[in-house]
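Before any comments, here is the structure.
The values are calculated or read from the model by the stated rules, or taken from the named source; none is laboratory data. Quick caveat, the model's predicted, so the values are computed rather than measured. All Cβ positions, even for glycine, are placed from backbone atoms using ideal geometry, and neighbour counts span all protein chains on display.
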There are 2 protein chains.
Amino acid sequence: MNKGTPREIVGRRTRPAKAPLSRDVIVSTALDILERDGLAGLSLRRVATALDTGAASLYVYLANLDELHALMLDAALAAVQLPKARGLPWRNRLKKFLLSYLQVLYERPGLAQLAMSTIAAGPNSLRIWEGMLVLLTEGGVEDGKAAWGVDLLILYVTAIAAEQSNWRGQDQGLGRVKSALSAVSKDEFPLVFAIKETLLSGGNNRAEWALDAIIDGLLGARKPSASKARGKGGKE
Amino acid sequence: MNKGTPREIVGRRTRPAKAPLSRDVIVSTALDILERDGLAGLSLRRVATALDTGAASLYVYLANLDELHALMLDAALAAVQLPKARGLPWRNRLKKFLLSYLQVLYERPGLAQLAMSTIAAGPNSLRIWEGMLVLLTEGGVEDGKAAWGVDLLILYVTAIAAEQSNWRGQDQGLGRVKSALSAVSKDEFPLVFAIKETLLSGGNNRAEWALDAIIDGLLGARKPSASKARGKGGKE
DNA sequence: ACCTGAACACCGTTCAAGT
DNA sequence: ACCTGAACACCGTTCAAGT
């Protein structure tokens, strides 16, 4: 992130007693805390303490906690593997892309929840959007469908990651899901009872299965707006 | 919710100076607060104040805030319109069902966010699960597919409601999305630039379009597990 | 311009003490 | 058994004061 105008070393010992603050250090410190302690453990005060300062100091670089969240999300999304130049068919590349996105969200707990409540509009989010639009367009999906389609795919990936994150949420854990399911009455909810195990099964394949289903649906789906060749919105 | 063993009126004036606490009053008071002030305005202390007591008193009826959230969600889901006995084709009934679910989440701000972070396992959630499984089964979707399919549909509905709720989130609002999009560079992200308006368009039809796409995908999707006619799980 | 301590107005949860 | 006040250990954000 440093623009890097080369600088001479000024002091003998380059161990600044206190690293100078900046958006970048704040964001990466916050991501460290998120990784270690989850979303519940993340606060401006903790970030400030980790940087050996007070929370008020952060307000020079951030408007508020929401902005930190948005910056964290976009910074984390830098790790998403963008699709390589053509080689595999578009659909395989799209799936790899989406699974990479999913994995990034999975890896650090809390990031997915953050993604659900934050409007991501930084450069990395935009790169991801653009990349997916390219692939869908390459796959022959029309403009309108592609836009809504990317939104649908990203929303699903984010949601499934957030859901899984909850289940791993330190205190409650998967246990609560299991005990809730095991208490289901066979007489009252026979079908739910019957699919109890299926519901917990699947693991990694589950998301891939769902993404396949959504992509299939997208390919078959009708165009978003009335199909008139591009009229100015005249009704009928 | 009253089981209603008939009771004689005891006092002359039946205006209890203080309504007795119970899970039900706590939950419905909390839902009122959610409706008025959103998720950010909801706290145990506020619920307690509204009930003219202290936060500590609530712990007789609730293990913690998480439990209140779960109870609130399930209580709110009572408003979801279950599908009527057969009449319309299963697919229409499924869509109506899902749209009713969506509407309930839309109606009170914060409920969807709550749904994303809470494991819903109360009677109303189970009724909804059971109802959807019935419809998919009626539609000829196999068992395994039906289970994952309901999960996919519900997750999507919840996620899209939560996303919309964020955009309406009092302070930031839709404005932030718009300004973020209008700042998109035409040269760097041409496809995103091109679909800016499409992205914001759609409103109600959008969710319906997406649900159609997902259902289509579901109907075409392969079965979750290996497709052997129902072996006991022997591999190959 | 940047940083700071102290304050303000909140949180969830616990606990000893009351009835 | 139920309720309570006070306390504990936190929050985000603001602001006057320092450099």
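Evaluate region A:9-25: report whether one residue or more is within 14 Å of DNA strand C (Cβ to nearest atom), assigned to a helix (DSSP H, G or I) and surrounded by 14 or more Cβ atoms within 10 Å (Cβ to Cβ). Steps first, answer last, please.
Residues of region A:9-25 within 14 Å of DNA strand C (Cβ to nearest atom): A:16-25.
Going one step further and asking which of them are assigned to a helix (DSSP H, G or I), we end up with A:23-25.
Restricting the remaining residues to those that are surrounded by 14 or more Cβ atoms within 10 Å (Cβ to Cβ) gives A:23, A:25.
Yes; the residues of region A:9-25 include at least one that is within 14 Å of DNA strand C (Cβ to nearest atom), assigned to a helix (DSSP H, G or I) and surrounded by 14 or more Cβ atoms within 10 Å (Cβ to Cβ).
The set of residues from region B:29-56 being more than 8 Å from DNA strand C (Cβ to nearest atom) and in contact (Cβ under 8 Å) with a residue 24 or more places away in the chain comprises B:30, B:31, B:34, B:35, B:38, B:39, B:40, B:51, B:52, B:53. Consider region B:195-207 and keep the residues that are more than 7 Å from chain A (Cβ to nearest Cβ) and part of a helix (DSSP H, G or I). The one that is nearest to residue A:127 (Cα to Cα) is B:196.
Test residue A:126 against the stated conditions and say whether it is touching an Asp or Glu at 6+ places or on another chain (Cβ under 8 Å), crowded, with 16+ Cβ neighbours inside 10 Å, within 14 Å of chain B (Cβ to nearest Cβ) and in a helix (DSSP H, G or I).
In short, yes.
Could you grab me the full set of residues in region A:53-98 that are outside any helix (DSSP H, G or I), among the hydrophobic types (A, V, I, L, M, F, W, C) and either closer than 18 Å to residue A:118 by Cα or more than 16 Å from DNA strand D (Cβ to nearest atom) (or both)? Break it down into steps so the answer makes sense when it comes.
Taking region A:53-98 and keeping what is outside any helix (DSSP H, G or I), we get A:53-54, A:59-64, A:80-89.
Remaining after also requiring among the hydrophobic types (A, V, I, L, M, F, W, C): A:60, A:62-63, A:80, A:82, A:85, A:88.
Correct list: A:62, A:63, A:80, A:82, A:85, A:88.
With respect to the stated conditions, residue A:210 is facing chain B (nearest Cβ under 8 Å), without any contact (Cβ under 8 Å) to a residue 60 or more places away in the chain and surrounded by 21 or more Cβ atoms within 10 Å (Cβ to Cβ).
Can you say whether residue B:121 is at pLDDT below 95, surrounded by fewer than 18 Cβ atoms within 10 Å (Cβ to Cβ) and either in contact with a His (Cβ under 6 Å, 6 or more places away or on another chain) or under 27 Å from residue A:113 (Cα atoms) (or both), as far as the supplied structure shows? Considered against the rule, which asks whether it is at pLDDT below 95, surrounded by fewer than 18 Cβ atoms within 10 Å (Cβ to Cβ) and either in contact with a His (Cβ under 6 Å, 6 or more places away or on another chain) or under 27 Å from residue A:113 (Cα atoms) (or both), residue B:121 comes out as no. Has region A:146-166 got any residue that is modelled with pLDDT under 90 and touching a Lys or Arg at 6+ places or on another chain (Cβ under 8 Å)? Checked against the condition, which is being modelled with pLDDT under 90 and touching a Lys or Arg at 6+ places or on another chain (Cβ under 8 Å), region A:146-166 yields no hits at all. Residue by residue through region B:34-52, note down the ones that are assigned to a helix (DSSP H, G or I) and among the small types (Gly, Ala, Ser). Hits for region B:34-52 are B:40, B:41, B:48, B:50. Restricting attention to region A:99-118, the residues that are at pLDDT 95 or above and touching a Gly at 6+ places or on another chain (Cβ under 7 Å) total 0. Checking each residue in region B:96-118 for being facing chain A (nearest Cβ under 9 Å) and in contact with a His (Cβ under 7 Å, 6 or more places away or on another chain) picks out only B:118.
In region A:172-194, the qualifying residues are those that are at the interface with another protein chain (Cβ under 8 Å from one of its Cβ atoms) and under 29 Å from the mean Cα position of the chain (by Cα), and the one that is farthest from residue B:147 (Cα to Cα) is A:172.
Apart from one condition, residue A:229 fits all of (1) within 10 Å of another protein chain (Cβ to nearest Cβ); (2) modelled with pLDDT under 85; the exception is (1).
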